[in-house]
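Reading through the structure tokens given below for one structure.
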Amino acid sequence: MTTLDQLVALDAGNVMQTYGRLPVAFVRGEGSYLWDSEGKRYLDFLGGLAVTSLGHAHPEVADALADQARTLLHVSNLYYNDVQPRVAERLNALLGGGGRVFFANSGAEANECAIKLARRHGQQHGGPDRYHVVSAYGSFHGRTLTTLAATGQPQKQETFQPLPSGFRQVAYNDLDALAAAVDDRVAAVMLEAVQGEGGVVPASPEYLRALRQLCDEREALLIVDEVQCGLGRTGKWFAFEHAGVAPDIVTMAKALGNGVPIGACWARAEVAAAFAPGDHATTFGGQPLAARAALATLTVMEREDVPARARRAGTRLAEALLKVDGVADVRGVGLLMAAELAPGLDAKAVAQGCLDAGLVVNAVTATALRLAPSLLVADDEIDAAVAIVAQACAAQGGDA
Ligand SMILES: Cc1ncc(COP(=O)(O)O)c(C=O)c1O
């Protein structure tokens, strides 16, 4: 077995150093648990950043992958395959039907597709100037140059100027700011119903409903980025459903393959028709292996009714966290949650304390922990995780 020190040295000598990694190497997972290279067990309440929504090594997903690997891993999108349209059919049903899906390999790529589609649609219907995209400060839409341009975090953008033009950010949850920005050059408004990377900040239902109306009035499309909160995590299949709005374009990725990279961009059929063959493509998107992972994941998700489980488990987790002395407040929806720590507590230090005690969570801001466990998480796992958070806060002086 390679030791942690050997892995860190191997990484430093061979991997681009783009991540500020914590000194742990995970080698195995099962359900809500992970094991590191030294044999230590952890409760995983981060889920690979909201990816492993059915937990690690889910047997049905693993069996489907093994079967597909022995049958057909990959075939070009120049041909049909027998899995991709079945996944599209399932997603279309979850989104109320009447749409079309493009498959990508990540969240950023799903958003890239959404932006390109919105530009094509805007220019076809509103003329050559209608290609701008308005998004929100605090948002996160990806790290490609275009999705970075849509990401409302100037500190992440600065290093990579000049970014593609045609993007503008406004304050989140502020309808007046949005109304002032959406003119007849705007092809789409792009938004997360719950800002994940921005600190787990939900949009108010009233804002989302007013936004939908504004987009209709100004003939702009509404793109909802469900990459982090989509597919059951917030207690609905999609977080925008809490507000009862219907977007024109929905993107998703993280949870879709339960760990196998796959992204998807769904659009209303009339919007999707703005793309002609040749307009957009990717070699791996919707290939049989990734699509089979998605099919198996969606099958388990539907059978287990993961939105209902996320609602119930989310309530238990929130109630327990609120009783912890070091936790001042809890925000989020379902099982996408941030615990705002008591004044004086540093989230990075508390997250490190949790890790030392065998719980994986991350500091989503300087003062808040993010929790995004498996949607199949058990009650005793929630109780054990909260006990570790309490212990880590107390160790940092949070119970003073
Ligand atoms: C809301 C949202 N959109 C897009 C992305 C980018 O996804 P990826 O890292 O798969 O490119 C993320 C990643 O955290 C995200 O949270």
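The values are calculated or read from the model by the stated rules, or taken from the named source; none is laboratory data. All values reported here derive from a predicted model rather than from experimental measurement. Backbone-built Cβ (ideal geometry, glycine too); neighbour counts: all protein chains shown.
Considered as a group, the residues in region 86-116 that are in contact with a Phe, Trp or Tyr (Cβ under 6 Å, 6 or more places away or on another chain) and either within 26 Å of residue 184 (Cα to Cα) or not aliphatic (A, V, I, L, M) (or both) include one that is nearest to the ligand (Cβ to nearest atom), and that residue is 105.
Taken over region 195-219, the criterion of being in a loop (DSSP other than H, G, I, E, B) and either touching a residue at least 40 places away in the same chain (Cβ under 8 Å) or in contact with a His (Cβ under 8 Å, 6 or more places away or on another chain) (or both) is satisfied by 196, 197, 198, 199, 200, 203, 219.
Scanning region 147-162 for residues that are among the β-branched types (Val, Ile, Thr) and either within 14 Å of residue 227 (Cα to Cα) or within 12 Å of the ligand (Cβ to nearest atom) (or both) turns up 147, 151.
Scanning region 44-64 for residues that are farther than 16 Å from residue 314 by Cα and either more than 14 Å from the ligand (Cβ to nearest atom) or touching a strand residue (DSSP E or B) at 6+ places or on another chain (Cβ under 6 Å) (or both) turns up 56, 57, 58, 59, 60, 61, 62, 63, 64. Pairs meeting the criteria (first residue in region 255-267 and in a strand (DSSP E or B), second residue near the ligand (Cβ under 10 Å from one of its atoms) and of a type in the set (Val, Ile, Thr), beta carbons under 9 Å, at least 6 apart or on different chains) are 263/227; 263/251; 264/251; 265/251; 266/251.
Hey, among 356, 379, which residue is surrounded by fewer than 24 Cβ atoms within 10 Å (Cβ to Cβ), in contact with a helix residue (DSSP H, G or I) (Cβ under 7 Å, 6 or more places away or on another chain) and among the charged types (D, E, K, R)? Reasoning before the result, please.
On the way: 356 fails: in contact with a helix residue (DSSP H, G or I) (Cβ under 7 Å, 6 or more places away or on another chain).
Sole residue among the options that is surrounded by fewer than 24 Cβ atoms within 10 Å (Cβ to Cβ), in contact with a helix residue (DSSP H, G or I) (Cβ under 7 Å, 6 or more places away or on another chain) and among the charged types (D, E, K, R): 379.
Residue count for region 194-227 satisfying the condition of being among the polar types (S, T, N, Q) and out of contact with any strand residue (DSSP E or B) (no Cβ under 7 Å at 6 or more places or on another chain): 2.
In the set 132, 125, which member is closer than 23 Å to residue 195 by Cα and more than 16 Å from the ligand (Cβ to nearest atom)? Spell out how you get there, then give the answer.
Values: 125 fails: closer than 23 Å to residue 195 by Cα.
It is 132.
Can you go through 267, 320, 342 and tell me which one is away from the ligand (no atom under 16 Å from the Cβ) and either at pLDDT below 95 or more than 30 Å from residue 394 (Cβ to Cβ) (or both)? Step by step, each of 267, 320, 342 is checked, and only 267 is away from the ligand (no atom under 16 Å from the Cβ) and either at pLDDT below 95 or more than 30 Å from residue 394 (Cβ to Cβ) (or both). Of the candidates 101, 24, 83, the single residue that is modelled with pLDDT of 95 or more, aliphatic (A, V, I, L, M) and closer than 25 Å to residue 354 by Cα is 24.
Contact map, region 130-143: first residue over 18 Å from residue 112 (Cβ atoms), second residue more than 14 Å from the ligand (Cβ to nearest atom) and assigned to a strand (DSSP E or B), Cβ cut-off under 6 Å, separation 6 or more or different chains; pairs are 130/187; 137/169.
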